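A short worksheet on the structure shown next.
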Amino acid sequence: MKTLWKAAAVSVLTAVALAWTPGAEAAEGKGKVAGKARPPTCSGQIVSISGDCIVVKNKNGEQKFAINDKTKFGTTTEPKKCDDFKAGDKVTVSFKEDGDKKCALSVRTTPPPKPKGDKK
C-alpha cells in the first residue's frame with residue numbers, strides 16, 4: 001500500500017514540476033506578441049475600398065472597417081498603398097474595436113492556400 005502512495009506522490013510531483021517549466025509558460029503566451037494579445041483579424045474578399053473605409057465579405061457576411069493615416073498596407077517586407085488594393089482582392093484585415101466602430105490596423109493580401117499534399 002505504501003508503494004502505491006509513493007507512486008501517486010511521485011506522479012503528482014512530476015506533473016506539478018512539468019507544469020512550471022518555462023516551456024509551459026511559453027505555450028501559454030502563444031498568440032501574443034511581446035506580452036500583448038494579437039488584434040482580431042478578418043479575412044475575405046474586398047467588396048469596396050476608399051480612402052476612409054474598406055468593406056470585406058467572408059462567410060460571416062460583410063464587415064466594414066475605418067481606414068486612417070495609421071493603417072498599414074501590405075507587409076514590412078512588401079509594403080503597399082491603399083490604391084494598390086481593389087474590389088475582388090483577397091485580404092486579411094487586423095483591426096481594433098472602438099465602441100461599435102472597427103478601425104483597420106493593417107490590410108495585407110491573403111496568400112493562396114497551400115495544396116493539401118504540400119508539407120512545407
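Structure notes:
- S48 surrounded by 13 or more Cβ atoms within 10 Å (Cβ to Cβ) and closer than 12 Å to S106 by Cβ: no
- Qualifying residues in segment 20-37 (those that are surrounded by 10 or more Cβ atoms within 10 Å (Cβ to Cβ) and either at pLDDT 95 or above or not hydrophobic (A, V, I, L, M, F, W, C) (or both)) - the one nearest to V107 (Cα to Cα): K32
- Residues in segment 96-105 that are modelled with pLDDT of 95 or more and out of contact with any Cys (no Cβ under 6 Å at 6 or more places or on another chain): K102, C103, A104, L105.
The values are calculated or read from the model by the stated rules, or taken from the named source; none is laboratory data. Quantities reported herein were computed from a predicted structural model and do not represent experimental measurements. All Cβ positions, even for glycine, are placed from backbone atoms using ideal geometry, and neighbour counts span all protein chains on display.
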